[in-house]
Amino acid sequence: MRRLPPRRKTIAEPPGPTPLSADDSTPAGHGGADRHDAFVALGANLGDARATLRHALDALARLPGTAVTAVSSFYRTAPVDSDGPDYLNAVARLRTACAPLELLDHLQALEDAAGRQRPYRNAPRTLDLDVLRYDDLRLDVPRLQLPHPRMYERAFVLVPLAEIAPGLVPPDCLAAVAGQVISPIPSD
Ligand code: ADP
Ligand code: MG
């Protein structure tokens, strides 16, 4: 698989909904009636990446008040701003009662459980779980930016996201990352 071309120019995110403040990210009610749609990007390029992604999807479905409502194909991609072996990537849609930061806590715990280490920025990783979107929430606090600030630069996010939620990926955004190598792998 050939290497990706150098980092492309940042694609401006299309106009979105009215920004909300961090105060609007309060936890969902304990009754569980308050559910939210979140999109999570999964990536792995160390170890048995396919098994890791499958295990992670099972673990996402076991998070409190959470169902996995859609999963993309798994895609093989060359590293972007990273190194090491090719990645496997996918995107999942969750219906969850977790608040945004609570969801991030769970994702980071799953990364840690998969042996994730962070020796340097963008290092190869056993498991990366990023929140792409949480309803239409816009959030900018040190631990969590929503929508994910770099998602529109990355074919490994946009292609699987477009597979399960085409309305969230404008065609011009997909076209802008068309030079990045990404190929679906057969499911078995
Ligand atoms: P990468 O940017 O390569 O995914 P990490 O997984 O190590 O790197 O995450 C770095 C930091 O990014 C985390 O500590 C996390 O708090 C922060 N972060 C900010 N926004 C998000 C998001 N939308 N999803 C996941 N992590 C995020
Ligand atoms: Mg991450």
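How many residues are modelled with pLDDT under 95, crowded, with 19+ Cβ neighbours inside 10 Å and within 13 Å of ligand 2 (Cβ to nearest atom) when one looks only at segment 132-153?
0
Does LEU42 count as at pLDDT 50 or above, buried (at least 17 other Cβ atoms within 10 Å of the Cβ), part of a helix (DSSP H, G or I) and under 15 Å from the mean Cα position of the chain (by Cα)?
Here the answer is no, as LEU42 does not meet what is asked.
Filter segment 163-181 for residues that are more than 13 Å from ALA70 (Cβ to Cβ) and out of contact with any helix residue (DSSP H, G or I) (no Cβ under 6 Å at 6 or more places or on another chain) and give the result.
PRO170, PRO171, ASP172, ALA175, ALA176, ALA178, GLY179, VAL181
Which ones in segment 68-86 are at pLDDT 95 or above and either under 16 Å from VAL131 (Cβ atoms) or buried (at least 18 other Cβ atoms within 10 Å of the Cβ) (or both)?
The answer is VAL68, THR69, ALA70, VAL71, SER72, PHE74, TYR75, ARG76.
Give the residue that is surrounded by the fewest Cβ atoms within 10 Å (Cβ to Cβ), with candidates limited to residues of segment 87-100 that are under 14 Å from TYR134 (Cα atoms) and in contact with a strand residue (DSSP E or B) (Cβ under 6 Å, 6 or more places away or on another chain).
Among them, the one singled out is ARG95.
Quickly run through segment 78-113 and pick out the residues that are among the small types (Gly, Ala, Ser) and either within 12 Å of ligand 2 (Cβ to nearest atom) or under 16 Å from the mean Cα position of the chain (by Cα) (or both).
Residues satisfying the conditions are SER82, ALA90, ALA92, ALA109.
Can LEU60 be described as within 26 Å of PRO186 (Cβ to Cβ), within 13 Å of ligand 2 (Cβ to nearest atom) and either in a helix (DSSP H, G or I) or of a type outside the set (Lys, Arg) (or both)?
Spelling it out, it is not the case that LEU60 is within 26 Å of PRO186 (Cβ to Cβ), within 13 Å of ligand 2 (Cβ to nearest atom) and either in a helix (DSSP H, G or I) or of a type outside the set (Lys, Arg) (or both).
Report, ordered by the first and then the second residue, all pairs with beta carbons closer than 6 Å, sequence separation of six or more or different chains, a first member in segment 128-139 that is more than 9 Å from ligand 1 (Cβ to nearest atom), and a second member that is modelled with pLDDT under 95.
Short answer, once both residue conditions are applied: ASP136/PRO17; LEU137/LEU20; ARG138/PRO19; ARG138/LEU20.
Here is a list: ASP23, ASP105. Which entry is assigned to a helix (DSSP H, G or I), at pLDDT below 95 and not basic (Lys, Arg)?
ASP23
The values are calculated or read from the model by the stated rules, or taken from the named source; none is laboratory data. Computed from a predicted structure; not experimentally measured. Ideal geometry is used to build each Cβ from the backbone, glycine not excepted, and the neighbour counts take in all protein chains shown.
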